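Rule-based calculations on the coordinates, nothing more; no lab input. All values derive from a computational prediction rather than experimental measurement. FYI the Cβ positions are ideal-geometry reconstructions off the backbone, even for glycines, and counts take in every protein chain you see.
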Amino acid sequence: MKKLFKNFFGLFISISLVLSTLLAQGCNILQDFSNSPEDNTQNQTNTQNLPYQSDENGSVPSPVNFVNAVKAVKPSVVSINVELVTRDIFGRTIVEQAAGSGWIIDSNGIIVTNNHVVEDATSITVTLDDGRTFNSVAVRTYPANDLAVIKINATNLPAVKLGDASKLAVGEPVAAIGNALGMGISMTGGWVSRLNTTVEFSDTESLTGLIETDAAINPGNSGGPLVNYQGEVIGITSAKIQEVGVEGIGYAISLYIALPIINNLISQLPA
């Protein structure tokens, strides 16, 4: 009887061990199934098609968001309206108007723009983000790099933050902010498509060291800032290719090249 009980007890222990093993394997299978890629796709949202930027450790991606960048930069972006006096084929005087953009680099009324925005202008009017309007009191230009600075009689203006354009990489998200079509300040987003690009506009005119981007650039954007997702200016919007069948190719002057020229122009402005 003792032998029978002993054998039965041993059989019970063996069956218990087998069941415990099977149960543990079953839990692992269920856990693996719950963590399968198919299950994870059910938790994905439509953010999977948004541009992503890794965190400072380069490990945890999050959607790039330009909301804060635009909030930071927009108060420093200005609309520029100019008048030019020309003559028609009959020699009659014609006053033409054009619009462009600029951005405040110094809180004491110093604004950066393109040379072609203010070239030959008989009057230059600057409208700030808060609606105030000023006439320029001084202009300095550098046509070779399509750069200009304007001074207005204003102080305590919101100046932009400058970024390090030398660290830009192809594929980095950027935004162009400016007075597109003369309709007020707006932004468009895109990517850095190429760096250190040269564009020839004629047999005698070309720009080098340009940032190519697919951010939409329209007439009126010229002179406005190209910014990174941190809200730092890294370029000056300058031109786009306008040809049939060409889409999404615009250019900005790299701040890395422009800043020494801009500082030299500022030094020439009256105190």
For this session: Run the quick spin-label model on Thr208 and Arg132: label points 7 Å from Cα toward the beta carbon, then report their separation in nm to one decimal.
Result: 4.1 nm
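Sort 73-84, 214-225 by packing, meaning the average of other beta carbons within 10 Å per residue, with the highest value first. Kindly include the intermediate steps, with their values, before the conclusion.
Numbers: 73-84: 21.3, 214-225: 24.7.
Taking the mean over residues of other Cβ atoms within 10 Å, the ranking is 214-225, 73-84.
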Exercise. Sorted by mean Cβ packing within 10 Å, highest first, what order do the peptides 134-143, 100-109, 169-178 take?
Worked result: 100-109, 169-178, 134-143
For this session: Compute the convex hull volume of the Cα atoms of the range 109-163, divide it by the residue count, and report the result per residue in Å³ as a whole number.
Result: 88 Å³
Problem set entry | In nm, spacing of pseudo-spin labels at Asn68 and Ser107 (7 Å Cα→C-beta vector) | 2.2 nm
